[in-house]
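Notes to accompany the following structure.
The values are calculated or read from the model by the stated rules, or taken from the named source; none is laboratory data. Everything quoted here is computed from the prediction, not taken from an experiment. Every residue, glycine as well, gets a Cβ built from its backbone with ideal geometry; the counts of neighbours run over all protein chains shown.
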Amino acid sequence: MPVVTNVEDLRQMARKRVAKAVFDYVDRGSYDEATLRANRADLDALHFRQRVAINVDQRSTRSTMAGQEVAMPVAIAPVGLTGLNWADGEMLGARAAEKFGIPFTLSTMSICSIEDVAGAVTKPFWYQLYVFRDRGFAASLIERAKAAKCSALVMTLDLQVQGQRHMDLKNGLTVPPRLTPGTLLDVMTKPGWVLNVLSGRRKSFGNLEGQIPDAKTLTTLGQWIGAIIIMTGVTALPLSDSHAQIGSIVHDPTEMVDKYLELDVKGVRLDAMSQEAQAPYVTWEHEPVWGRAVVITQYEVINDFKQWTVISQAEVIIPVEYKVLGSVYWERASFLSEPKVERVGFRIKIVGDRWRIAEPLLPPHIGQKRMINYVRQAILDEKDQARTGTLETLLDDLKKAKHEGPASAQTSH
Ligand SMILES: Cc1cc2nc3c(=O)[nH]c(=O)nc-3n(C[C@H](O)[C@H](O)[C@H](O)COP(=O)(O)O)c2cc1C
């Protein structure tokens with residue numbers, strides 16, 4: 001056994017022992033391998049920060065990951081076909097990880113099955129899921145991982161379509177495998193590897209054999225109850241304007257401010273009249289009560305971050321430019337036209353896992369449409385004839401109001 005001092009030593013050992021097609025599957029990347037090279041360079045550029053002249057008696061790499069105590073904060077990532085590199089590779093990998101005290105992630109595309117690995121270890125491992133088009137089958141894998149007491153479900157997000165792996169194509173490592181004289185020769189020159197792999201428990205994808213028939217009814221991830229979900233392959237920020245995701249910190253915070261203000265301009269917030277409509281965006285619970293409301297037609301969220309005030313990584317003030325029509329004085333039910341452009345700082349901060357608006361609370365700038373809706377509702381609710389007349393005048397004034405101020409916010413909403 002040669003002296004192994006680093007990953008490169010292991011790589012050279014594998015190159016000698018394992019069939020070229022399988023070695024290349026692990027060693028090589030997709031297309032022209034530009035991402036592989038860039039990732040390698042990024043990793044090489046990372047250095048540990050050294051600290052000196054401190055007490056090192058109690059040093060430890062112990063930490064927690066996904067609520068679990070670990071010997072060091074590193075997990076074994078899911079790697080397909082491990083059992084084709086070495087017989088029962090996934091079981092051996094899981095055992096080694098358990099012995100060392102770090103999580104092991106079993107790939108969907110493993111050779112050993114979930115149950116094989118569960119039988120090889122005593123502590124829970126993690127299971128990586130590729131969500132197949134056959135959602136029933138994906139659900140059956142979740143059920144099997146649950147039954148095997150896996151403590152986390154690792155969802156891979158970056159394999160919507162498979163990358164073209166040039167070496168795999170050349171080596172015939174395709175589904176089904178393409179046997180060429182070259183691949184046969186390659187295999188024949190590695191008899192030790194052939195015997196080893198043939199001695200393994202399984203020779204194909206252990207998780208893809210058979211299904212649980214009644215698991216077809218399970219179709220949502222929500223059915224993975226009580227376990228941690230970990231996302232892997234987050235190579236880009238997801239773009240979505242669904243309400244549930246808008247405030248999430250993976251989004252540009254301007255997007256969240258923008259969506260919130262859009263509610264006003266469209267007249268939505270008051271139509272809904274509910275905490276529900278504004279809750280994804282703000283930290284306060286109730287609509288403020290205004291004596292005076294500034295009526296606007298448009299707004300522009302300044303996304304040039306040089307104009308922001310950054311308080312901390314979790315708190316920032318973003319300017320918003322309002323195209324103001326004038327003000328409504330609620331007591332007198334009157335509208336005073338005072339067209340202009342007004343700039344207001346929105347203080348937003350991370351609350352939990354979302355961006356939320358902390359200020360301004362008062363006075364709110366309100367979209368013209370929303371204000372009109374509000375006055376209409378007030379007319380319907382009003383019992384006093386004289387007051388209804390005043391409100392009707394206000395409604396007319398609001399409908400007639402047109403912005404005549406500077407045009408700098410013209411391009412906005
Ligand atoms: C040979 C190989 C096979 C992989 N198989 C899987 C897989 O089956 N499922 C998965 O989610 N990720 C798979 N990955 C991705 C890894 O889990 C990991 O996310 C990726 O390699 C980045 O980590 P690294 O920089 O430490 O290599 C595979 C990676 C390699 C190199």
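Can you find even one residue in region 5-18 that is of a type outside the set (Ser, Thr, Tyr), in contact with a Ser or Thr (Cβ under 9 Å, 6 or more places away or on another chain) and surrounded by 12 or more Cβ atoms within 10 Å (Cβ to Cβ)? Break it down into steps so the answer makes sense when it comes.
Going residue by residue through region 5-18, those that are of a type outside the set (Ser, Thr, Tyr) are 6-18.
Pick out the ones that are also in contact with a Ser or Thr (Cβ under 9 Å, 6 or more places away or on another chain) and you get none.
There is no residue in region 5-18 that is of a type outside the set (Ser, Thr, Tyr), in contact with a Ser or Thr (Cβ under 9 Å, 6 or more places away or on another chain) and surrounded by 12 or more Cβ atoms within 10 Å (Cβ to Cβ).
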(request) Kindly indicate whether any position in region 154-163 is farther than 29 Å from LYS20 by Cα and modelled with pLDDT of 90 or more. (result) yes
(request) Mind counting the residues in region 299-336 that are of a type in the set (Val, Ile, Thr) and loosely packed, with under 13 Cβ neighbours inside 10 Å? (result) 3
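Select, from ALA66, ALA53, ALA34, the only residue that is surrounded by 14 or more Cβ atoms within 10 Å (Cβ to Cβ) and of a type outside the set (Lys, Arg).
Numbers: ALA53 fails: surrounded by 14 or more Cβ atoms within 10 Å (Cβ to Cβ); ALA34 fails: surrounded by 14 or more Cβ atoms within 10 Å (Cβ to Cβ).
Step by step, each of ALA66, ALA53, ALA34 is checked, and only ALA66 is surrounded by 14 or more Cβ atoms within 10 Å (Cβ to Cβ) and of a type outside the set (Lys, Arg).
Got a sec? Which strands (runs of 3 or more DSSP E) wholly within region 282-344 have at least 2 residues that are over 22 Å from ASP258 (Cβ atoms) and not β-branched (Val, Ile, Thr)? Give the steps one after another, and end with the answer.
Numbers: elements: 292-301, 309-312, 315-329.
Per the criteria, 315-329.
Taking into account only those residues within region 385-413 that are charged (D, E, K, R) and modelled with pLDDT of 90 or more, which is surrounded by the fewest Cβ atoms within 10 Å (Cβ to Cβ)? So that I can check it myself, show each step before the final result.
Taking region 385-413 as the starting set, the residues that turn out to be charged (D, E, K, R) are 387, 392, 396-397, 399-400, 402, 404.
Checking the rest, the ones that are also modelled with pLDDT of 90 or more come to 387, 392, 396-397, 399-400.
Numbers: ARG387: 13, GLU392: 15, ASP396: 12, ASP397: 19, LYS399: 11, LYS400: 9.
This residue is LYS400.
Mind listing whichever residues of region 85-106 are at negative phi and out of contact with any helix residue (DSSP H, G or I) (no Cβ under 7 Å at 6 or more places or on another chain)?
LEU92, ALA96, ALA97, GLU98, LYS99, PHE100, ILE102, THR105
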(message) Given (1) in the same structural domain as TRP193 (by TED's automatic domain parsing); (2) away from the ligand (no atom under 13 Å from the Cβ), identify the lone condition not met by VAL74.
(response) (2)
(request) Look at ASP134 and say whether it is at pLDDT 95 or above and more than 25 Å from PRO73 (Cα to Cα). (result) no
(request) State whether the residues of region 83-96 include one that is assigned to a loop (DSSP other than H, G, I, E, B) and within 11 Å of the ligand (Cβ to nearest atom). (result) no
(message) Pull out all pairs, ordered by first then second residue, where Cβ-Cβ is under 9 Å, the residues are six or more apart or on different chains, the first lies in region 25-51 and is of a type in the set (D, E, K, R), and the second is part of a loop (DSSP other than H, G, I, E, B) and within 9 Å of the ligand (Cβ to nearest atom).
(response) ARG37/GLY29
(message) I'd like to check which helices (runs of 4 or more DSSP H) are fully inside region 100-181 and have at least 1 residues that are more than 16 Å from the ligand (Cβ to nearest atom) and under 23 Å from ASP88 (Cα atoms).
(response) 114-120, 135-147
